[in-house]
Amino acid sequence: MSAISPLARGRFWSVPLLAISIFLIQLQPAAAQLRVDDALDPEEVLEEELRSPYYAFTDGGPTRAQRPLVDRIPMRGVMDRGGSSLVDVIYTSRTGQILTDMNGHALYASENDLAYGKSALSGEALNNWRPLTVSKDLRTYGLWGKAWNEALQVWVLTMADKPLYTYVGDTEAGVANGVGNGWYTMEVIS
């Protein structure tokens, strides 16, 4: 009796495994199969990217953190429950379509907010910036969340982990005078 070579043994198992793989792919619903020529919805791709946790490397290794910059957000993410009753989206020729408070004042995020779940606003910055405060009991969903501000002892509403603030220099709706020096508005794409 001759022994089966390892090469022949490998070929023997590859045919049934290939057949099983093809069968399982056929069972998958057509809507769940991604095809090479399928067009991706940019809003959906952005929302998925912003939902995924972001990590930064610190002395202690990788740590959950806020992204340094989130200047574009999807309209679907804005409409999620848990924050949408506190904000609005307006369009003006000066600012484009941006996230605002319910009075139409631009909401800003800061590149200085980097720690996950924390608002870094303190000191002199409190003279010009006001956090969009929320109750500790507010339930948030989707891209909405809360961050703790130690200096003011308040919870601040967040969008995609970035705490939201208004600028005291915005005296009317639809303007964004606070852009610059690490502060930016969030463009809402649809």
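The values are calculated or read from the model by the stated rules, or taken from the named source; none is laboratory data. None of these values were measured; they are calculated from a predicted model. Please note: Cβ atoms are built from the backbone with ideal geometry, for glycine as well, and neighbour counts cover all protein chains shown.
Does segment 72-89 contain at least one residue that is in contact with a Ser or Thr (Cβ under 6 Å, 6 or more places away or on another chain) and either part of a strand (DSSP E or B) or among the polar types (S, T, N, Q) (or both)? Yes: segment 72-89 contains one or more residues that are in contact with a Ser or Thr (Cβ under 6 Å, 6 or more places away or on another chain) and either part of a strand (DSSP E or B) or among the polar types (S, T, N, Q) (or both).
Please enumerate the residues belonging to segment 86-137 that are out of contact with any strand residue (DSSP E or B) (no Cβ under 9 Å at 6 or more places or on another chain) and of a type in the set (A, V, I, L, M, F, W, C). Once the filter is applied, which keeps residues that are out of contact with any strand residue (DSSP E or B) (no Cβ under 9 Å at 6 or more places or on another chain) and of a type in the set (A, V, I, L, M, F, W, C), segment 86-137 yields only Leu126. Looking at Ser84, Ser110, just one residue is modelled with pLDDT of 95 or more and small (Gly, Ala, Ser), and that residue is Ser110.
Scanning segment 134-159 for residues that are of a type outside the set (Asp, Glu), assigned to a loop (DSSP other than H, G, I, E, B) and modelled with pLDDT of 95 or more yields Ala151, Leu152, Gln153. For residues that are in contact (Cβ under 8 Å) with a residue 60 or more places away in the chain and closer than 16 Å to Glu124 by Cα, scanning just segment 146-180, find the one that is nearest to the chain's Cα centre (by Cα). Ranking the candidates gives Thr166 first. Can you name every residue in segment 131-190 that is under 16 Å from Glu111 (Cα atoms) and among the charged types (D, E, K, R)? Passing the criteria: Asp161, Lys162, Glu187. Restricting segment 53-72 to residues that are touching a strand residue (DSSP E or B) at 6+ places or on another chain (Cβ under 6 Å) and of a type in the set (A, V, I, L, M, F, W, C) leaves a set whose member that is modelled with the lowest pLDDT is Ala56.
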